[in-house]
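One structure is given below, encoded as structure tokens.
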Amino acid sequence: MLLPLYQVDAFTDRPFAGNPAAVCPLAEWLPAETMQAIAAENNLAETAFFVPQAGSAGAYEIRWFTPAVEVELCGHATLASAHVLYHHLNFQGPEIVFHSKSGPLRVSRAEQGMLTLDFPARPPHPISQHPTGLLDGLRATPLHLLAGPDLVCVFGSEADVRALQPNQTRLAEVEYRGVIATAPGSDGIDFVSRFFGPRVGVPEDPVTGSAHTTLVPYWAERLGKTTLHARQVSARGGDLWCELRADRVLMSGHAVTYLKGEIELREG
């Protein structure tokens with residue numbers, strides 16, 4: 001069996017930046033263990049699989065796998081999947097609807113060649129205690145802590161976030177999907193962040209769309225604005241143009257294809 005495979009750099013307009021995702025369009029679902037094995041073989045932060053939803057034009061079911069586990073929401077691999085549909089599979093509709101474990105996720109074309117993700121907002125709430133492993137894992141003490149699906153650690157400056165050199169073994173003890181470090185930005189950037197997910201097999205994710213469903217509500221309230229320019233300051237880096245719209249977060253970004261190929265699956 002030959003399966004198409006694309007690798008797309010998401011949230012960037014140039015190769016070798018942003019967050020690389022593998023995308024595997026399917027006619028029908030493979031067994032979960034096969035998809036997990038493909039994701040482990042790809043060894044990228046995420047591999048996305050999607051199938052057309054029967055009887056519904058422009059609608060697909062989507063699933064995402066890290067090298068270690070299946071996850072319930074992923075932004076950059078959804079952006080990459082939409083890029084593949086628009087640029088390689090000749091999708092012509094006004095928007096794509098991906099049905100997922102996190103509900104319907106809509107993607108549409110935006111200005112300057114970008115695509116816009118429409119995701120559910122997941123606002124965080126303040127917490128007072130440092131979870132086990134956090135301080136030793138970060139090797140730094142955040143000013144504030146908030147909890148959502150991920151643990152949000154707020155620092156005083158972009159320099160503080162860039163300087164982090166986590167102990168990934170200790171950070172994996174933190175009982176959240178991931179640990180987000182964030183701080184105010186500068187020079188037109190409203191806020192910056194980094195994302196660490198050793199607990200799910202991703203030591204540092206270059207650009208994390210799903211994390212911004214938590215970050216955007218926090219920074220929108222703190223800064224008193226609903227339109228925000230975010231930058232993830234990983235080594236590869238990436239930019240997201242975000243908007244908080246009621247209980248939804250819109251995230252726009254570029255994507256570029258890095259490679260096209262085929263997976264050869266053999267029985268046994």
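The values are calculated or read from the model by the stated rules, or taken from the named source; none is laboratory data. Bear in mind the structure is a predicted one, so any value in this text is a computation, not a measurement. So basically every Cβ, Gly included, is an ideal-geometry build from the backbone, and we count neighbours across all protein chains shown. These area figures cover heavy atoms from the full protein model, side chains too; ligands, DNA and RNA do not enter into them. Shrake-Rupley method; radii C 1.70, N 1.55, O 1.52, S 1.80 Å.
Taking every protein chain into account, the accessible area of segment 108-160 amounts to 50 square angstrom per residue (probe 1.4 Å). Taking amide H atoms as placed 1.01 Å from N in the peptide plane, the amide H of residue 234 has no partner under 5 Å among residues 5 or more positions away or on other chains. With the highest mean first, a sort of the peptides 180-186, 73-79, 226-232, 27-33 on other beta-carbon atoms found within 10 angstrom per residue produces 73-79, 180-186, 226-232, 27-33. The shape of segment 97-140 comes out prolate: with a ≥ b ≥ c from the C-alpha gyration tensor, a/c is at least 1.5 and a/b beats b/c.
Applying the criteria of a DSSP loop state and at most 12 other Cβ atoms within 10 Å to the GluC sites (Glu not before Pro) of segment 238-268 yields 267. Amide H contacts for residue 178 (H built 1.01 Å from N in the peptide plane; partners 5 or more residues away or on another chain; cut-off under 5 Å): 151. Volume of the convex hull of the chain (Cα atoms only), normalised per residue: 124 Å³.
The loop-placed trypsin sites (Lys or Arg not before Pro) in segment 85-146, going by DSSP, that have at most 16 neighbouring Cβ atoms within 10 Å of their Cβ come out as 101, 139.
Per-residue SASA remark: residue 141, around 90 Å² accessible (1.4 Å probe; ligands, DNA and RNA not included).
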